[in-house]
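A short worksheet on the structure shown next.
The values are calculated or read from the model by the stated rules, or taken from the named source; none is laboratory data. Just so you know, these numbers come straight off a predicted model, no measurement behind them. Note: ideal-geometry Cβ built from the backbone for every residue, glycine included; neighbour counts use all protein chains shown. SASA here: full protein model, heavy atoms, side chains in, ligands and nucleic acids out. Shrake-Rupley method; radii C 1.70, N 1.55, O 1.52, S 1.80 Å.
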Amino acid sequence: MAIKVGDTLPDAKFTVMGPDGPKPKTVSEVFAGKKVALFAVPGAYTPTCSNKHMPGFVGRVDELKAKGIDAIVCTAVNDVFVLTNWAKDTGASGKIEMLADGSGDFAKAIGLEIDLSGFGLGLRSKRYAMLVDNGVVKVLNIEDSPPVAEKSSAENLCSMIDRSL
């Protein structure tokens, strides 16, 4: 069953790139006591993710911070090395924290996994954006189709923040 507004994020672990290499980071470490804009992409370096979804969030970092967002994070069912390089290539480094969900455990735990095996991609995350306040989902925008990034866009999330906090 998919997560919904009002639900608390389940306990799960991501992998992040630290100064000494990959390290685990829990949901609690990312979201506890903070207002966080989280967005998920089906895959780093895929066309919509690289050309539309990520650039929208990179371009609105200051706007999100001005609205009281403490952190902007991106997750994908990719390994931490791919996400780290993708952040560099898209200008997201230092602006957006990359949370690798390499085995899709977080995507499965929130019920937002999608099987893209027919496209050679295997299990991935659906494309979505959410506003999370102290671990509780306040806004959740899930796309109906992976190549679309409208409901889950940074612009749309920004327009909904004032009404949700």
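Dividing the summed -39500 (n - 2.57) terms of all DSSP H runs of n ≥ 4 by the residue count of the chain sets its mean residue ellipticity at 222 nm at -7000 deg cm²/dmol. Largest GNM mean-square fluctuation across VAL58, VAL41, VAL77, computed for the chain with C-alpha springs under 10 Å, falls on VAL58. Per the 1.4 Å probe, what fraction of the accessible area of segment 1-68, in percent, lies on carbon and sulfur atoms? The computed percentage sits at 53.
Summing +1 for each Lys or Arg and -1 for each Asp or Glu among the other residues whose beta-carbon sits under 13 angstrom from that of GLY33 gives -1. Sort segment 1-104 into rounded, prolate or oblate with this rule: let a ≥ b ≥ c be the square roots of the eigenvalues of the Cα gyration tensor; rounded if a/c is under 1.5, and if a/c is not under 1.5, prolate when a/b is larger than b/c, oblate otherwise. Here segment 1-104 falls in the rounded category. Expressed to the nearest 5 percent, the antiparallel share of DSSP beta bridges inside segment 7-112 is 40 percent.
Once a ≥ b ≥ c are taken as the square roots of the eigenvalues of the Cα gyration tensor of segment 32-74, is the result rounded (a/c under 1.5), prolate (a/b larger than b/c) or oblate (a/b not larger than b/c)? In terms of gyration-tensor shape, oblate.
Near the amide H of LYS126, within less than 5 Å, lie the amide hydrogens of GLU113, ILE114, all on another chain or at least 5 residues away, with H placed in the peptide plane. Only lysine pairs 8 or more places apart, or on different chains, with alpha-carbon atoms under 24 angstrom apart are counted in segment 54-165, and they number 17. Semi-axes of the equivalent ellipsoid for segment 22-165, computed as √(5λ) from the eigenvalues of its C-alpha gyration tensor and ordered from largest down, come to 21, 16, 16 Å. Of the listed residues THR84, THR75, the order by accessible area with a 1.4 Å probe, largest first, is THR84, THR75.
Each part reduced to its alpha carbon centroid, segment 94-129 and segment 136-164 end up 16 Å apart.
Positive contributions from Lys and Arg (+1) and negative ones from Asp and Glu (-1), summed over other residues with Cβ under 12 Å from the Cβ of ILE72, come out at +2.
Over the chain, accessible surface divided per residue gives 46 Å², non-protein components excluded, 1.4 Å probe. Working from the Cα coordinates of segment 53-138, the gyration tensor eigenvalues give, after taking √(5λ), semi-axes of 23, 17, 11 Å in decreasing order.
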